[in-house]
Amino acid sequence: MSDEFGGDIITLTDEDGQSYEFEHVDTLEHNEETYMAFIPADIDDEDGEVDFIILRVAENDGEDDLVTVEDDAELEEVYALFMKRIEEYEEETV
């Protein structure tokens, strides 16, 4: 887990023009692709569980865009990698 775990707030806009704020949790490289994990910035995690959003970095006209991971197998694989990194980070900080 990087030293910059969490803390960066970004605004993402969906295809309908609606904007949402997310906190960047982590970034990882897998199979020559870059993936980023986010949690909603205004989350109320009373039950201790937080779902996060995984987006892939894709180049579009020379600029990086964040795109939805459409392939379920790819998403599950990357999700497992993020969860492993989060668990390792939590074990190190205890």
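One table, with the values for the structure above:
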quantity: Filter result for the condition that a residue is modelled with pLDDT of 90 or more and assigned to a strand (DSSP E or B), over Phe22, Phe82; calculated: Phe22
quantity: Inter-residue pairs, beta-carbon under 6 Å, first in contact (Cβ under 8 Å) with a residue 24 or more places away in the chain and in the stretch 53-72, second assigned to a strand (DSSP E or B) and among the acidic types (Asp, Glu), 6+ apart; calculated: Val57/Asp64
quantity: Residue in the stretch 40-63 that is most open to solvent (accessible area, probe 1.4 Å), counting only those that are at pLDDT 90 or above and among the hydrophobic types (A, V, I, L, M, F, W, C); calculated: Ile53
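The values are calculated or read from the model by the stated rules, or taken from the named source; none is laboratory data. Remember, it's a predicted structure, so these values are computed and weren't measured experimentally. As a convention, Cβ positions derive from the backbone with ideal geometry for all residues, glycine included, and neighbour counts pool all protein chains shown. In case anyone asks, the SASA skips ligands and DNA or RNA and just uses the protein heavy atoms, side chains included. Shrake-Rupley method; radii C 1.70, N 1.55, O 1.52, S 1.80 Å.
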